[in-house]
Structure formats: C-alpha cells, structure tokens
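Bear in mind these aren't lab numbers, they're just calculated from the coordinates by the rules spelled out. This one's a predicted model, so the numbers in the text were calculated from it and none came from an experiment. For neighbour counting, all protein chains shown are included, and Cβ atoms are generated from backbone atoms with ideal geometry for every residue, glycine included.
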Amino acid sequence: MTDLASTVILAAFIVFCRVGACVMLMPGLSSPRVPMRARLFLAVGLSLAFLPLLYERLTALVDPLVMSAMIRIIITELMTGMLIGLLARLFFLMLDMLATGIASSIGLSGIAGMPMEETEAEPAIVTLILLIATTLFFVTDLHLEVLRGLFQSYNALPPGGALPTRFSVSEFADAVTGASLLALRISSPFLVLSLVLNFSFGLANKMTPSIQVYFASMPFLIAAGLLLMMTIARPFFQGFLIGFEQFVVR
C-alpha cells in the first residue's frame, strides 16, 4: 500500500469516528427500528462526503502520527461525535419521559404499543407522540441542521486537539435543562388536567364513599385526555420543534 493510500484511509477513518458516533446516537437514526447496517452505510456515506472538505487539515495531522497519538485522536473523535449526537437526542429522550407521564395522567398507560426509541414496549400514545415528533424532525429538515452542526464542529473542535471537558459538561447541562423545561412546558396541560380531574373525582368519592368513583371516572378521564390531545396537538408539536430548532441552530 502506498503512502498516499494509507494517508487517505487514515484520514477517512478519523472522519468516520466522529460521524459514525454521532449517527449512532442521532435522534430518529438511533432507534432500534432502523437496521444497524443502514446506519453504518449512512455513516460511511457522510464520512466520504465530508472527507474532501477536510482532507488538507487531516493530511497534515495524519502524516507525522505515531500509534499512541492515533489512538488518542480516535478516542477524542469518538467522544466528540457521541457528545453531538447525544445533545440532539436528549430532547427526544425527555419527550419520551414526559409522554409516558402524559399516558399515566390520562389513564392510557396500560395500552401497550410498539417501542420507538427503546426496545421495550411503551404505551400506545407514547409511540404516537414519538412517531409524529420523529417524522416532523425529518420533514422539517432538522436532521440537516444536526449534520451541519456536525460538520462545523471541525472548526470549533478540530481533530488532534484535546476534548474540552469543561465545554462538554456545560453544553450537556444546558441541553438537559433546556430539554427538560421544553418537555415539561408542552406537557403541562395534561398534568394540570389530570390534577384537576383527579382532585374532583377524589372529592366526589369522599362525599359518596359507597360509590366506586375511581372506576366510573376512568372513561371520563381518558375522553378528556384524548380531547385535549386533539385540541392542542398542533401547538404541542410546534412548541417542541421550535425549542429543538433553537437549540440545534445555536
């Protein structure tokens, strides 16, 4: 193998480390429903697309490398790609958690559906919410914003440098805070509805202890929850996409 071929292969592998780690954790693509081979081919394709634009800086980095420096760069690139992918996926993980809370609050937690982000079965309404959010994520081209941020990360965090731990921790904390507040804000109508209705039913049960108000109230709670979902579905998903887009663009 010539020196040029080995340089190109090493440079492509360094790009693949960051791109592949990001693709494996990226929302929508990290779902178990997406075949591993499809994710691998996508990561390879993106790496080959990024390589000509990054070749000059990577060539200067690869030529004088020794094995110990190569291992350090590979680990750093993997951690950088995982950080970028995980920051984007945090919003969907928080949406999954609050959607499970919504299902419990309106009495639909016992109806199992197909899993989306995890391997275990989740309530049907959680599957519906995550499916719509993931579809809108691709339809509105937010996945391209994540890929654009991945490419621009080579300017902020160039290969060969040390991973800025303080920057990573602060970005992760900001992402967790923003994702939690966003998910709590868009799911708050369901939590308020559950609190009001359950308090009313509990008060009615206290006044008429001989009647099993809990079992009689479940159809009304489910109907109220579904009616609320139908009413606020548009602002619910718009609020999630706007908050997620602001974070990704930033």
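Tabulated data
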quantity	calculated
Helix 67-105 vs. the chain, principal-axis angle (Cα, 0 to 90°, nearest 10)	10 degrees
Nearest-ten-degree value, helix 165-207 long axis tilted from longest Cα axis of the chain	10 degrees
Between helix 36-62 and the chain: long-axis angle, C-alpha atoms, 0 to 90°, nearest 10	40 degrees
Computed lengthening from T100 to Q246, 0.36 nm per intervening residue step minus Cα-Cα distance	50.1 nm
Selection from G178, T76, T134, by position along the positive dipole direction of the chain (Cβ)	G178
Extension reserve of the F138-S200 stretch, reckoned as 0.36 nm per residue once the Cα distance is removed	18.2 nm
Of A49, A124, L61, farthest towards positive along the dipole that unit charges on Lys, Arg, Asp, Glu beta carbons give the chain	A124
Exposure proxy order (Cβ contacts within 10 Å, fewest to most) of I125, I74	I74, I125
Ordering of 225-231, 235-241 by packing [mean C-beta count within 10 Å, highest first]	235-241, 225-231
For the chain, calculated [θ]222 nm from helices alone, where every DSSP H run of n ≥ 4 adds -39500 (n - 2.57)	-29000 deg cm²/dmol
Relative contact order of the chain, pairs being alpha-carbon contacts under 8 Å that are 6 or more residues apart, as %	22 percent
Size of charge dipole - the stretch 3-249 - debye, nearest 20, with Cβ of Lys, Arg +1 and Asp, Glu -1, no other charges	320 debye
Relative packing of peptides 18-31, 170-183 - highest average C-beta neighbours within 10 Å first	18-31, 170-183
Correct choice for Rg and Dmax of the Cα atoms in Å that was computed from the model, options (i) 20.0, 61; (ii) 23.2, 87; (iii) 17.5, 60	(ii)
